[in-house]
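Rule-based calculations on the coordinates, nothing more; no lab input. All values reported here derive from a predicted model rather than from experimental measurement. Please note: Cβ atoms are built from the backbone with ideal geometry, for glycine as well, and neighbour counts cover all protein chains shown.
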């Protein structure tokens, strides 16, 4: 119809892992990879790059994200990571394919990972979509940042 949506609620969390960002590592200050710390399909693992923590949701950052997601019950959540330069095809390929096309990234089926935010969210909120966009490494140029941001808006309001 060409009419704008009456209501789109857009939530942006600039950084779930400020300690890791400050140290230029993927783990938080306690050495836990937050994207292996969510309780759905969590598995224990050794310390190191992908250490999932002592138990599911052991990390404060994980619990904060879970509470927020459960509170707002988003229709769509896009998790932006770095540096693989792709869209992870882990669920509703239609939405992921559209986003990948809008931003000019490849849609890739990555291996199944355990304890991820996206798998937890899709398990807990059955009518939601969540996927990962892997940005290129380093700081985004303003033009690229605009392209990724515009694609988010076009995904939720595809007119």
Next item on the list: Using only Cα atoms, find the angle between the long axis of helix 60-72 and the longest principal axis of the chain, and express it within 0 to 90 degrees, rounded to the nearest 10.
Entry: 30
Margin query: Using the alpha carbons of the chain, what is the convex hull volume per residue in cubic angstrom, as a whole number?
Written below: 120
Note to self: What distance in nm separates the two pseudo spin-label positions at residue 157 and residue 75, each 7 Å out from Cα along the beta-carbon direction?
What the structure shows: 1.2
Margin query: Using a 10 Å cut-off around each Cβ, can you sort 144, 90 from fewest to most neighbouring Cβ atoms?
Written below: 144, 90
Margin query: Cβ neighbours within 10 Å, averaged per peptide: list 58-65, 136-143, 39-46 in order, most packed at the top.
Written below: 58-65, 39-46, 136-143
Next item on the list: Within segment 54-77, find all residues whose amide N lies under 17 Å from a label point positioned 7 Å from the Cα of residue 29 along Cα-to-beta-carbon.
Entry: 58-65
Next item on the list: Starting from the Cα of residue 41, step 7 Å along the direction of its Cβ; do the same at residue 124; then give the gap between the two resulting points in nm.
Entry: 1.7
Item checked: Cα→Cβ-extended label distance, 7 Å offset, between residue 50 and residue 94, nm -> 3.1
Next item on the list: Would you mind pulling out the separation of the Cα centroids of segment 22-56 and segment 64-120, in Å?
Entry: 18
Notebook entry, point to check: Once fully extended, how much extra length lies between residue 19 and residue 109, figured as 0.36 nm per residue of separation less the alpha-carbon to alpha-carbon distance?
Noted result: 29.5 nm
Check: Just from its helices, what would the mean residue ellipticity at 222 nm be for the chain, if runs of 4 or more DSSP H residues each count -39500 (n - 2.57) and the sum is divided by every residue, rounded to the nearest 500 deg cm²/dmol?
Finding: -10000 deg cm²/dmol
Next item on the list: Can you give me the three principal axis dimensions of segment 7-100 from its C-alpha atoms, in Å, biggest first?
Entry: 40, 30, 28
